[in-house]
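Scroll down for the structure; my scribbles are underneath it.
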Amino acid sequence: MHRYLRFPFMLASFLVAVACHAATEQTLTTEDDLGPQVQQPIEFPHYRHAGNRNPVDPTNSDPTKGGMEINCQYCHTYARRSLTAGIPPLQKCVGCHQNIPTVRDKPRIVELFKYWDAKKAIPWKKVHDLPDFVRFNHERHIKRFIEQQGRPVQEVCGYCHGQVKEMVTARRQKPITMGWCVSCHMKEHVVVAKGAIPEGGTPIGKQDYWYTFQKPAETRNAEGELTAKGPNDCWLCHK
Amino acid sequence: MIDSESTKNLSGQAFDRRDFLKVLGFGGTAVALSGCGNTSIEDGKETVVSYVEAKDYVIPGVAVYFNSTCAQCDAGCSITGKIREGRVLKLEGNPESSINRGKLCGLGQASVQHHYNPDRVREPLLRNGDKGQAISWEKAYELINEKLQGAKGEEVAFITGDVSGHQKVLLTNYIDSLGSKNHFVYEAVAPAVVRAGNLKSYGVEMPRYRIDKAKVVLSFGADFLGTWISPVHFAQQYAAFRKGVDGQRGVLIQAESKMTLTGANADRWLAVRPGTEGILALGIINALGIATGDVAELVKDYDRARVSRDTGVEPSNIDKIAAILRLRSPSLILAGSAAEGYVHGMQNADAINLLNHVLGNVGKTIEAPVSVPFPQLTQTKGNTASLKKLNDDLAAGKYKVLFNIATNPVYTAPASYKYGDSMAKAGFKVAFAHYLDETALQADLVLPLDSEMEDWGTHVPEYLADTAQINIQQPLMERLHANTRGMGDILLTLVKQRKPEEYKAFDDYYGYLRYAMLQNKAALGGSGDDDVFWNDTLSKGIVKLSGASGALSAKAAVEGLKLPQPEEADKQYPLRLIPSVTSNLRDGRHTNQPWIQESPDPLTTIVWDSWVEVHPKKALELGIVEGDIVKVTSKTGSVNVQVYVFPGIHPEAVSIPMGRGHEAMGRYAKGYGVNPFGIMDAVFEGSTGELAMHETRVNIAKTGQRVIVVKDEGPAGGKQMGRRVALSRSTDQVDLSKEV
Ligand code: SF4
């Protein structure tokens, strides 16, 4: 671009951006924003593994009717230990499947064992791919919502990943943009009292509130409960 | 509403996620923040590769740490490598090592760039005319075997750098098995004269220096903070020294002809006429007035007036030094480049060491070295005399097979050796190399080595601090390239060709190493289960040994000490060339690591290029300013190089740093700067036969060209040393490549 054009362009885009911001001000929402269906080397059926059991057929003999309600963390074991969720090692799949002769000749499983016998990693495609300058920490979210607040695992994972338990291969359901992340972090959350700490309890380690430089301003909602915003420092994600 | 599509159209260029920051620059901050235009997420583009089988401790995103040893120089600092997802990311010092105590120098930090270097040799290459043809390792070994069949033991020669540990054992066994006695241990920058001087003065080659115990340190060109012997260790001693013994902050005086990093840190820096450091030392003994007997006799002629005249150091400074040395004890006197650089280097070292005897420092700040209980593992120390001998032998056509193990003499030998031509006379030349450097390019067979982060090994550094120790080197990650091999593995295969029976039990070098260490478990301080001991050793990365330390000889070596008068300046070549050793480049073996090129020289802040340092007085006399390209000519040759006007150099000397000016090696090394080895005269130290690196005399002449010196300090193109360069254009208009 010509140099003399740069400033007018910057100015214009800034104005447009501001207008755009005003016009589309985000509601605090987790509304869906479906991403494209991604082709995977093996069509991994999440619904079979994590989906709800069929109440009529609790032994789950008919795959078309229900899943096995396997905890997400059983396979995605790294999410609670690391900032990246990682992908389960092939060993994990095989660990179970070598003991399930009934499905052994199904095409997907045959494919799986081909990789295993060749000791080759499966080249999965990344579905939830954040830009490189964003550092999202899985571990911390799991610590807070699952371990401290005791919320159901599938619900918590679903905040960002959507209803994976109903999908075949995972597909993005949420926008996962910064505005969307912030929409949650900007909410006034009820501060859950827990354990020995009388009020203001999201203590991870010995912290009174969330990981942040400053203690967030406290407010009380209509019911008189203590509320505070989630951590909001830039550096939390942009290191 | 502005979305990425319109941005793309507006800016007239393709837009993708990587352009996100550019958009930010275009005032698009609000766009990104408001979340309209949701395209910064890529679905299904990148591949995530999981592990097939993962160890329990492997968690993606969480680092694991392994201990190993830095192989960038011979100081032998211990390192801790941070490894994530099977890749080494960053090195730190290992706090358990008494050498570096958790610290690492810049050169050590850069070694990840050695490992990931794009220019590493990846396949065994056999010469086919001008080209290297990739061959298999089996073929390479066969070929070596075949060539050795046709050569007698004495017709086979090896040139290596410093070697120690089990690699040395294997190498020695291999050389023996060939019936050869020709192992040349060569280091272009080695304290060989200092070692010889120490042996004469103290009875040991390398005592332990205790800078931390000294109250005054007087260093004659020993750059112990930058490049000398074990710089990371000395830097920590120096910190203690500056904090002070008994509350007295240590005083550092540096006497040298070209300011080093250590000189720049000194309380008093004295520019000494090149080569007269010994005279200054004797002058100080004279001024101290405490010497007796034959020492007093020796120094009696070195009165202040004469010493001042010879060395260029003011009489008042000599008095001050004598006064502070008298006042504060113990002190420590160090002989560095003053010894290495001159024909009478040994005499200089003797005179300087004599000062330590006179001041009673021997035994106080100069301690006996710790001895390593395994002499077969100790370091075989390199020098430059060995290269001279090898070169003569090669030129005489003595060798049919030459093994060059990770050294680069074609680059570091003074041009007058014509080492390349000599090397060509050897029938079959094998180079074990990381890069296709100048020497490897002349070889018939190039064998690619693992980086030190892929290889096994043990090292016993020459300079040991508190206790004797064996440093473990272990792979920090898998091999990056399938066809590189560790030096240990290669040696094992080669020695198996000769002595299959003896070595048949070992599949690889790892097995050999483990076996050899376990054999000596008790002596290495281990007990109990073998696996426990071995795992413990690997996790620590260091085996500490209890080694007794010997004694130092208390008697001063005065005999034969006779210093020459400083020479009159040569008419044709009036200046002395000091090829300086800088802390990041050293002898140029790491120049292809871009961080090394990129990190500014500590004194001049120049990057990516060579320079010649000229004293302002000399510059004025010759009418040159910073950035002038001058021709530096010696008897041997000439180079064109940019001038950096620098007060930290003696007016009768100029200095060009070593390490740049490669003609091969890789994209980050080739073609940057000039190589002072190329104009170095072959002059040798009198008693050791070491190359006297400061004895080259040069003249400098303007070429008429001028460039902007690319450096950190000062504004480029702005006022530098009182003058404006490149006045005609503003800095963003200057094309530096055109200027040169
Ligand atoms: S001094 Fe620097 S380069 Fe040498 S071993 Fe220590 S860290 Fe490595």
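The values are calculated or read from the model by the stated rules, or taken from the named source; none is laboratory data. All values reported here derive from a predicted model rather than from experimental measurement. Positions of Cβ are backbone-derived with ideal geometry, glycine not excepted, and every protein chain shown enters the neighbour counts.
For this structure, a couple of remarks:
- Hits in segment A:109-130 - residues which are within 27 Å of the chain's Cα centre (by Cα) and more than 14 Å from chain B (Cβ to nearest Cβ): A:Ile109
- Condition check for B:Ala664 on (1) aliphatic (A, V, I, L, M); (2) surrounded by fewer than 20 Cβ atoms within 10 Å (Cβ to Cβ); (3) in a loop (DSSP other than H, G, I, E, B): one failure, at (2).
- Condition check for B:Phe506: in contact with a Gly (Cβ under 8 Å, 6 or more places away or on another chain), of a type in the set (Phe, Trp, Tyr) and crowded, with 16+ Cβ neighbours inside 10 Å: no
- On the stretch given as segment A:150-183, residues that are on the phi < 0 side of the Ramachandran plot and within 13 Å of chain B (Cβ to nearest Cβ) total 16.
- Of all the listed residues (B:Tyr238, B:Tyr302, B:Tyr209), the sole one being in the same structural domain as B:Ala351 (by TED's automatic domain parsing), aromatic (Phe, Trp, Tyr), buried (at least 19 other Cβ atoms within 10 Å of the Cβ) and within 24 Å of B:Gly550 (Cα to Cα) is B:Tyr209.
- Number of residues in segment B:365-402 that are farther than 23 Å from B:Gly550 by Cα and acidic (Asp, Glu) equals 2.
- In segment B:299-313 there is at least one residue matching the filter, namely being over 23 Å from B:Ala569 (Cα atoms), more than 33 Å from the chain's Cα centre (by Cα) and among the hydrophobic types (A, V, I, L, M, F, W, C).
- When residues of segment B:91-137 are limited to those that are in a strand (DSSP E or B), touching a Gly at 6+ places or on another chain (Cβ under 6 Å) and touching a residue at least 40 places away in the same chain (Cβ under 8 Å), the one farthest from the ligand (Cβ to nearest atom): B:Leu125
Residue-by-condition table, conditions (1) over 18 Å from B:Gly44 (Cα atoms); (2) more than 9 Å from chain B (Cβ to nearest Cβ); (3) touching a residue at least 60 places away in the same chain (Cβ under 8 Å); (4) within 12 Å of the chain's Cα centre (by Cα):
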{"position": "A:Thr77", "(1), (2), (3), (4)": "yes, no, no, no"}
{"position": "A:Ile87", "(1), (2), (3), (4)": "no, no, no, no"}
{"position": "A:Cys93", "(1), (2), (3), (4)": "yes, yes, no, no"}
{"position": "A:Cys96", "(1), (2), (3), (4)": "yes, yes, no, no"}
{"position": "A:Ile100", "(1), (2), (3), (4)": "yes, yes, no, no"}
{"position": "A:Pro107", "(1), (2), (3), (4)": "yes, yes, no, no"}
{"position": "A:Arg135", "(1), (2), (3), (4)": "yes, yes, yes, no"}
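- Some residue of segment A:141-150 being touching a helix residue (DSSP H, G or I) at 6+ places or on another chain (Cβ under 8 Å) and within 19 Å of B:Val48 (Cα to Cα): no
- Taking segment B:61-78 as the range and being free of Cβ contacts under 8 Å to residues at least 60 places away in the same chain and either within 11 Å of the ligand (Cβ to nearest atom) or not in a strand (DSSP E or B) (or both) as the test, the residues that pass are B:Gly61, B:Ala63.
- A single entry from B:Val58, B:Val49, B:Val88 fulfils the requirement of being surrounded by 18 or more Cβ atoms within 10 Å (Cβ to Cβ) and away from the ligand (no atom under 11 Å from the Cβ): B:Val88.
- Which numbered condition B:Gly678 fails, given (1) buried (at least 22 other Cβ atoms within 10 Å of the Cβ); (2) more than 23 Å from B:Arg273 (Cα to Cα): (1)
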